[in-house]
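What follows is a single structure, written as structure tokens, with notes after it.
The values are calculated or read from the model by the stated rules, or taken from the named source; none is laboratory data. Treat the numbers as computed from the prediction; the structure is a model and nothing was measured. Every residue, glycine among them, receives a Cβ derived from its backbone with ideal geometry; neighbour counts consider all protein chains shown. Heavy atoms of the whole protein, side chains included, go into the accessibility calculation; ligands, DNA and RNA do not. Shrake-Rupley method; radii C 1.70, N 1.55, O 1.52, S 1.80 Å.
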2 protein chains.
Amino acid sequence: MNRYGSRINEDVYIETKIRYSWKCINEKCVKTDLPATCKSDTNNILNICRLICGPYGAIWPKPTQEIKLSKEIIPIHPDNINFDLKNLIKHNDAYMADKLIKQMSEIFVDDVKLLCSVNCLKILHTELYIKIVINSSETNLTWDTDESYALHVKNNEFKIMAFIQAKTVFGARHGLVTLFQLMTTVSENNANYLVMIKDALIIDKPVYPHRGLLIDTSRHFLHLDTIKRTLDGMGHSKLNVLHWHATDSHSFPLKLPRIPELAKYGAYSPEQIYTVQDITDLISHAKKRGVRIIIEIDSPSHAGNGWQWGESMGLGNLSVCVNKNPWRNYCVQPPCGQLNPINPNVYKVLGLLYKDLVNIFPEGEIFHMGGDEVAISCWNSTQEITDFMKKEGMTRNTEDFLELWAYFHNKALHTLEKILENNTIPVILWSSQLTFPESIAKYLDKKRFIIQTWTESTENTSIELLEQGYKLIISTKDAWYLDHGFYGNTRYYNWATVYNNHIPEVSKGVYGGEVCMWGEYVDDFALDARVWPRAASASERLWSDPITSSSAALYRLLEHRERLIKLGIKAEAIIPEWCYENEGLCE
Amino acid sequence: MNRYGSRINEDVYIETKIRYSWKCINEKCVKTDLPATCKSDTNNILNICRLICGPYGAIWPKPTQEIKLSKEIIPIHPDNINFDLKNLIKHNDAYMADKLIKQMSEIFVDDVKLLCSVNCLKILHTELYIKIVINSSETNLTWDTDESYALHVKNNEFKIMAFIQAKTVFGARHGLVTLFQLMTTVSENNANYLVMIKDALIIDKPVYPHRGLLIDTSRHFLHLDTIKRTLDGMGHSKLNVLHWHATDSHSFPLKLPRIPELAKYGAYSPEQIYTVQDITDLISHAKKRGVRIIIEIDSPSHAGNGWQWGESMGLGNLSVCVNKNPWRNYCVQPPCGQLNPINPNVYKVLGLLYKDLVNIFPEGEIFHMGGDEVAISCWNSTQEITDFMKKEGMTRNTEDFLELWAYFHNKALHTLEKILENNTIPVILWSSQLTFPESIAKYLDKKRFIIQTWTESTENTSIELLEQGYKLIISTKDAWYLDHGFYGNTRYYNWATVYNNHIPEVSKGVYGGEVCMWGEYVDDFALDARVWPRAASASERLWSDPITSSSAALYRLLEHRERLIKLGIKAEAIIPEWCYENEGLCE
């Protein structure tokens, strides 16, 4: 009688260990058929196999120039990481860059600690020695920033040399992120240890200079921790623009020194505000993660709550149709509210607002002025505005309202320009009725207005605007709108749809693109899962613009998701766990 | 020149406090037009307004018999809650019930502490004195359990008397949950205090005895904490069945004493298992929250990984087509795997498995045997099976395969029956090709098989099965499948769609219904947001079966969501914050 046969009658409890093992075969991590009963070889653990298997290992987004990864790993420990940042840059004005790269290095070590988690064991006394060389003292991240880097990892007995060469601190930081992605955690008996690839050479630079994620703090207030955690995920995914849709008709959470009324009337509560200190803190948190923040004050539409105090202060109506009902008659989404383009005080208030923002944000930073979804019906129902138009000899045709709308944007831009002492910095506007390719040139100067298109993938708008010489940022509505799927007739776009969304080339005038996490149906409690790993999917499209499709990226993205989770970001699951463990068998 | 006019030139920073206030007018909480500059009256805080406004205040699900709520509130503190549980029940066998209600009372106090959060201030020394009277010593929750309760709250100077009368501990616990829902938190200057309604009378009982949520620990392993947190949410929403889809073809995480091989071969890793201790712990955690756990061992289909060891132990093939490729030829979803109905050892192993479960679960608890999505193509491609059928004079027509499938379920039931010493307890099966109304009677005895239908709302299957006398549990696929929307051509069903799904009446033979959180695309990190508040939406449909639709429930559900968040459950947002604050203005 076999062992099992006897057990049928005996109810014996036998302790067993389950442990499958994986081998890298033809660039896939293949699971063995049956579990090993004894402790398996470290090299056969799935995440280690993924670290060394295939040309890109577990690196996300994949490098664009050159990559060589050894298949050998070595244990390391966060305590044994040392930096050589001496004489980093030769310039005299290198203080800021020096300071920034030091902060980036500290974040690197903190993240390595998070990766190893609690009970981080020291298996070997391997030293990871990181030397960074940078050529420029530039510390402002712009579309012109050189983000390229070279990372060379060499093992020499108990020392691993990681040499990062870059033009800027931002390139060097990308090098650190890639270095981080050469590591993984081994868990054993409630303890962990880190291993990393012993030898590697990576030369890398992004395809698009603008790789963004939009968050929305007006439909729901987001706590600073949530935004910081999002920035952490962006830094690790090499996304470099947080488009902060800070205000909308729903709420105005920015507490600005020159116009505290905006928050007083517009914030949900005294606690749900961002002070100057908060904003500065976020900008700094972002910069250390290679991210710039572009703030959007949506206007003239999507501006209601926060703007109700004009009349009581003798400034007239700053915004019209505020919270007006039935809302469908005056806006596309409640609550309504649209700035009053004919009230000169509106531009005075905007001037103060811009002045505060210019003071808070780094010199030369770009602003987003919104410009989407103006409801002509609102202005058309406001007697003050229609009287003005009549006086000016305008009709109430659509074209004349578009004229008024364009007047607003040009006057707002001129207001900003004066604050910037006539520095002709461009601003960003959403695509709209005003940016239709056949008429945009009448309204908006292509040298001054960058257009963020949010048209569907089948529409020609982007191409036609590019042909006219407009600079664009692309947010393909039917692929990169992360809020879709949770309301109305919209559909959720999974990570693969996000990944497979191609956008026009840089050479045609595209800065890059953004995935958009609009805030109507998300707040602090579900943001992570709605953003991640889908924003990372977009990051590979924007950094690498691969000719391959999502199917070639799945298992790397899964490892990136595991990494984000280790870093405290609650990314959603994208395939069953069995499929994660059995590469290629669920296709 | 007004204050503002001078500010334009001066850059003055003025500290301001923003605070709106709300009033209950015509059963709606109406926001004042303008913010108060001074500290507002406590009564005008939104969540307090919602607590006392409208016939149901912030109670979720709404009571079905009688409800009277005073509009007056009084501060309380968790330290001043006392229970009178002396001589709770007169019976001699009351020990277990006594113990259980004590545990439920402790949970109540812990939850009140969570509600108040940190820095919980004592404003008044009001005592909340809770007296509970129960008539029965029953501590097993079944479809026959009387869950009714009456809650009477009376204020007398600095004492609030809450008197809960119920037939069973489970009814009394519902009374405690409702009492909890008479409370809310006031936040002020980084501290909080609790207030509760001073006088109330609620008489309540559920419409359906089976109010369930399915979770799936096979597609992704869920940690105990995640399951416990889910049970906490269920308890607070008066859902009373956790349908635990424990195993599937993907993984078998149950480590059972009689058959450790199932987990050894079937668990994702040695850490991703549920031991007997874990399962017992979950059952106990659930019971204290008024929830029973019905475990499902899906069979004969959806059984692959975990069942691979038969041959090596001389027991033949226990499961066929396990992980077979191309999977589309052998199952509806990878990995494939279907129990071998002609191998007698399969029933021996199932017998051991059932024996373990019977030992772990409370006496008389119902089991779910799965029964969905048998792929005839799998059995039809397995020579051992087709040879057997030929020998038995069967053809390879669909009907004969259905016969074989029915043979499996009846034999599996018979196996369970023997373990239960011929106790004729029914089992639950999913609706399938085997349960088509026109032929089900041939295969499955209506006294022994309860059918869980997962058909679409337009299909007649449920009605036709009820007409034949089958007992049902309803999981309307196009409303109550919480996994939909994240893959393929499926759509996400928002809280309103979940709410508005009507199911046939109890009197027709329906025990109730379940929302199903299938696990392919969700794990520990997004489960809360995908389940909540949608599962609560279903709970009101099942507890109250209101004639009103979702629009009458929105603001109460929003308060319930706030409550779940206070309790540590990361429920998703369902409307913009402005709409939450401005009742009725976003419709």
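If you go through region A:189-211 one residue at a time, do you hit one that is within 12 Å of another protein chain (Cβ to nearest Cβ) and modelled with pLDDT of 95 or more? No, region A:189-211 contains no residue that is within 12 Å of another protein chain (Cβ to nearest Cβ) and modelled with pLDDT of 95 or more. Among the conditions (1) among the hydroxyl-bearing types (Ser, Thr, Tyr); (2) open to solvent by 10 Å² or more (accessible area, probe 1.4 Å); (3) under 22 Å from A:Thr247 (Cβ atoms), the only one that A:Tyr443 does not satisfy is (3).
For A:Ile463, the criteria (1) at pLDDT below 95; (2) more than 14 Å from chain B (Cβ to nearest Cβ) hold in every case but one, which is (1). Restricting region B:178-200 to residues that are of a type outside the set (D, E, K, R) and assigned to a loop (DSSP other than H, G, I, E, B), the residue that is nearest to B:Phe108 (Cα to Cα) is B:Gln181.
Selection of region A:107-142 for residues being within 30 Å of the chain's Cα centre (by Cα) and β-branched (Val, Ile, Thr) yields A:Ile107, A:Val109, A:Val112, A:Val118, A:Ile130, A:Ile132, A:Val133, A:Ile134, A:Thr139, A:Thr142. Condition check for B:Tyr521 on (1) under 20 Å from the mean Cα position of the chain (by Cα); (2) part of a loop (DSSP other than H, G, I, E, B); (3) of a type in the set (Ser, Thr, Tyr); (4) more than 9 Å from chain A (Cβ to nearest Cβ): one failure, at (4).
Among the residues of region A:545-557, just one is open to solvent by less than 20 Å² (accessible area, probe 1.4 Å), outside any helix (DSSP H, G or I) and closer than 26 Å to B:Arg328 by Cβ, namely A:Ala553. Taking region B:558-578 as the range and being in a helix (DSSP H, G or I) and either under 16 Å from the mean Cα position of the chain (by Cα) or more than 7 Å from every other protein chain (Cβ to nearest Cβ) (or both) as the test, the residues that pass are B:Leu558, B:Glu559, B:His560, B:Arg561, B:Glu562, B:Arg563, B:Leu564, B:Lys566. Residues that are open to solvent by less than 30 Å² (accessible area, probe 1.4 Å), closer than 19 Å to B:Ile297 by Cα and part of a helix (DSSP H, G or I) within region B:206-232 comprise just one, B:Ile227.
I'd like the full set of residues that are of a type in the set (Val, Ile, Thr) and more than 27 Å from the chain's Cα centre (by Cα), limited to region A:339-379.
Initial filter on region A:339-379 (of a type in the set (Val, Ile, Thr)): A:342, A:346, A:349, A:358, A:360, A:366, A:374, A:376.
A:Ile342, A:Val346, A:Val349, A:Ile376 - these are the residues of region A:339-379 that are of a type in the set (Val, Ile, Thr) and more than 27 Å from the chain's Cα centre (by Cα).
For region B:243-252, the set of residues classified as surrounded by 24 or more Cβ atoms within 10 Å (Cβ to Cβ) and either more than 14 Å from chain A (Cβ to nearest Cβ) or among the acidic types (Asp, Glu) (or both) consists of B:His243, B:Trp244, B:Asp248, listed by residue number. Based on what the data block shows, is A:Asp545 charged (D, E, K, R) and within 14 Å of chain B (Cβ to nearest Cβ)? Against the criterion (charged (D, E, K, R) and within 14 Å of chain B (Cβ to nearest Cβ)), A:Asp545 does not qualify. Just one of (1) in a loop (DSSP other than H, G, I, E, B); (2) open to solvent by 10 Å² or more (accessible area, probe 1.4 Å); (3) modelled with pLDDT of 95 or more fails for A:Lys355. It is (1).
Filtered by the rule that a residue be touching a residue at least 60 places away in the same chain (Cβ under 8 Å), within 14 Å of chain A (Cβ to nearest Cβ) and in a loop (DSSP other than H, G, I, E, B), region B:472-516 gives a lone residue, B:Asn494.
For region B:127-183, the candidate set comprises residues that are aromatic (Phe, Trp, Tyr) and closer than 21 Å to B:Pro206 by Cβ; within that set, the residue that is most open to solvent (accessible area, probe 1.4 Å) is B:Phe163. For region A:269-290, the candidate set comprises residues that are out of contact with any Lys or Arg (no Cβ under 9 Å at 6 or more places or on another chain) and within 14 Å of chain B (Cβ to nearest Cβ); within that set, the residue that is modelled with the highest pLDDT is A:Gln277.
Residue by residue, here is whether (1) within 14 Å of chain A (Cβ to nearest Cβ); (2) in contact with a strand residue (DSSP E or B) (Cβ under 8 Å, 6 or more places away or on another chain) holds:
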position	(1), (2)
B:Arg292	no, yes
B:Ser299	no, yes
B:His302	yes, yes
B:Asn323	yes, no
B:Gln333	yes, no
B:Ile360	yes, no
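The residue that is surrounded by the most Cβ atoms within 10 Å (Cβ to Cβ), counting only those in region A:380-419 that are of a type in the set (Val, Ile, Thr) and within 30 Å of the chain's Cα centre (by Cα), is A:Thr415. The number of residues in region B:524-544 that are under 12 Å from B:Glu572 (Cβ atoms), of a type outside the set (Lys, Arg) and part of a helix (DSSP H, G or I) comes to 7. From the list B:Ala303, B:Ala286, the one residue that fits, being assigned to a loop (DSSP other than H, G, I, E, B), open to solvent by less than 10 Å² (accessible area, probe 1.4 Å) and among the aliphatic types (A, V, I, L, M), is B:Ala303. Look at region A:253-268: where a residue is more than 7 Å from chain B (Cβ to nearest Cβ) and within 16 Å of B:Trp578 (Cα to Cα) and a partner is assigned to a loop (DSSP other than H, G, I, E, B) and open to solvent by 10 Å² or more (accessible area, probe 1.4 Å), sitting 6+ places away or on another chain with Cβ atoms under 7 Å, you get A:Pro253/A:Phe221; A:Pro253/A:Gln272; A:Pro253/A:Ile273. With respect to the conditions (1) part of a loop (DSSP other than H, G, I, E, B); (2) open to solvent by 60 Å² or more (accessible area, probe 1.4 Å); (3) not hydrophobic (A, V, I, L, M, F, W, C), A:Lys68 falls short on a single one, namely (1).
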